[in-house]
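The values are calculated or read from the model by the stated rules, or taken from the named source; none is laboratory data. In this text the structure is predicted, and so the values were computed from the model without any measurement. Glycine gets a Cβ as well: all are built from the backbone with ideal geometry, and neighbour counts include every protein chain shown. With ligands, DNA and RNA removed, areas are computed over all heavy atoms of the protein, side chains included. Shrake-Rupley method; radii C 1.70, N 1.55, O 1.52, S 1.80 Å.
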Amino acid sequence: MPRHARLLLRRLLLALAIVDLTSCATISRHAFVEPAKDWQTRSGQLLYRGSKTTLIGEVLVRFSKNGDFELTFSKGPGITLLALRQDTHFADVKGALARMGWAGPVERAPKQLRGWLELRNALIHAQDRQTVRHVAGTETFLFHF
């Protein structure tokens, strides 16, 4: 095999190994409770404002009496900006706003996701309010249900 082909093959294998290792870090092995009929579901719009980004999109929020929580923030059909599953101790975040995604214990969440992870408590305690505003550092979340 020519030298340039071996070098190309090594680079390809290295790239595949890096992708494999980084994707393993974001795959959740945590077993979340699946939504059931007794979960509360709310849908509406979310205005998200960060230090460099402002987005308005559709939001679907579901949560159980035990504190299990799901949030999906999308921009039109098929374009999920952020999908979040969370319980009292663990979270799994995916989508463009989560960059490569993240899964792990809530207390070890990356700084850029902490505002999103605060939404669980804010929305569960909001009762049936039509408008919910939450500020976390430089981020503002404004929900209209």
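Observations
- Pairs where the first residue, in the stretch 51-75, is open to solvent by less than 70 Å² (accessible area, probe 1.4 Å) and the second is among the basic types (Lys, Arg), C-beta under 6 Å, 6+ apart: Gly57/Lys75; Val61/Arg42; Phe69/Arg120; Glu70/Arg62; Glu70/Arg85
- Residue list for the stretch 97-129, filter: touching a Gly at 6+ places or on another chain (Cβ under 8 Å) and either small (Gly, Ala, Ser) or surrounded by 19 or more Cβ atoms within 10 Å (Cβ to Cβ) (or both): Gly101, Gly115, Arg120
- For the stretch 64-105, the candidate set comprises residues that are hydroxyl-bearing (Ser, Thr, Tyr) and over 9 Å from the mean Cα position of the chain (by Cα); within that set, the residue that is farthest from His125 (Cα to Cα) is Thr80.
- Checking Ala91, Ala103, Ala98 one by one, the residue that is among the aliphatic types (A, V, I, L, M) and farther than 18 Å from Ala136 by Cβ is Ala103 and no other.
- Residue match in the stretch 78-90 (condition: in contact (Cβ under 8 Å) with a residue 60 or more places away in the chain and either surrounded by fewer than 16 Cβ atoms within 10 Å (Cβ to Cβ) or not in a helix (DSSP H, G or I) (or both)): yes
- Hits in the stretch 38-78 (condition: among the basic types (Lys, Arg) and closer than 20 Å to Gly115 by Cβ): Arg42, Arg49, Lys52, Arg62, Lys75
Conditions tested, residue by residue: (1) closer than 23 Å to Ala31 by Cα; (2) hydrophobic (A, V, I, L, M, F, W, C).
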| position | (1), (2) |
| --- | --- |
| Thr53 | no, no |
| Ile56 | no, yes |
| Val61 | yes, yes |
| Gly95 | yes, no |
| Asp128 | no, no |
| Val135 | no, yes |
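- Some residue of the stretch 135-142 being open to solvent by 20 Å² or more (accessible area, probe 1.4 Å), part of a strand (DSSP E or B), touching a Ser or Thr at 6+ places or on another chain (Cβ under 7 Å) and of a type in the set (A, V, I, L, M): no
- Screening Ala31, Ala103 for residues that are more than 23 Å from Val132 (Cα to Cα) and either outside any strand (DSSP E or B) or polar (S, T, N, Q) (or both) leaves exactly one candidate, Ala31.
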